[in-house]
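Structure first, commentary second.
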Amino acid sequence: MGAGVNRDQIRAEALKTIAGMQAKPKPKRKRRKPGDPPPEESKLVAHFRMQLRAAGIAGYVTEHRFCLGRKWAFDLAWLPERLAVEVEGGVWTGGRHTRGSGFVKDCDKYNAATMDGWRVLRVHTGTVGDGTGWKMVARALGVDHG
């Protein structure tokens, strides 16, 4: 050991370093209960809803829970037409929808919706950005927008 440094000082410094590196526990995620307000809307969903409004497409509900016993909800849903839209964000940034676990859960959700008679359209940042997303919705609803 070098002069002027003792074992206790080295140990104390090492313990400080280790304490600073330990991960802080994640805060518990609050579970939504029926009747709770929906979570804050993403900027992408808000932008897509603005496009629908500008195109005169209305009649949808947000955060529609479609499967009893599951916490699944559609971003947007036209109930009489059984048309749902899922707005997929984080496609190029490794978001939840593109990672293994999230992708598998989305498959389960969309398959259950299809088997229950829903048509599910998936729009993403590209289709929202270029306007093809709202045009798909218009076509699925039989709305003529040239």
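Data table
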| read-out | value |
| --- | --- |
| Gain on full stretching of the segment that runs from residue 41 to residue 132 - 0.36 nm per residue minus C-alpha separation | 30.7 nm |
| Extended-chain gain in nm, criterion 0.36 nm per residue less alpha-carbon gap, residue 115 and residue 139 | 6.5 nm |
| Nitroxide proxy distance, nm - points 7 Å out along Cα→Cβ at residue 61 and residue 82 | 1.6 nm |
| In Å², nearest 10: area of residue 50 left accessible to a 1.4 Å probe | 100 Å² |
| Long pairs among 16/71; 105/135; 16/43, criterion Cα-Cα beyond 31 Å | 16/71; 16/43 |
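The values are calculated or read from the model by the stated rules, or taken from the named source; none is laboratory data. What you see is a predicted model, and the numbers here were worked out from it, not measured in a lab. When we count neighbours, we look across all protein chains shown, and the Cβ atoms used for this are built from the backbone with ideal geometry, even at glycine. All accessible areas refer to the heavy atoms of the entire protein, side chains included, with ligands and DNA or RNA removed. Shrake-Rupley method; radii C 1.70, N 1.55, O 1.52, S 1.80 Å.
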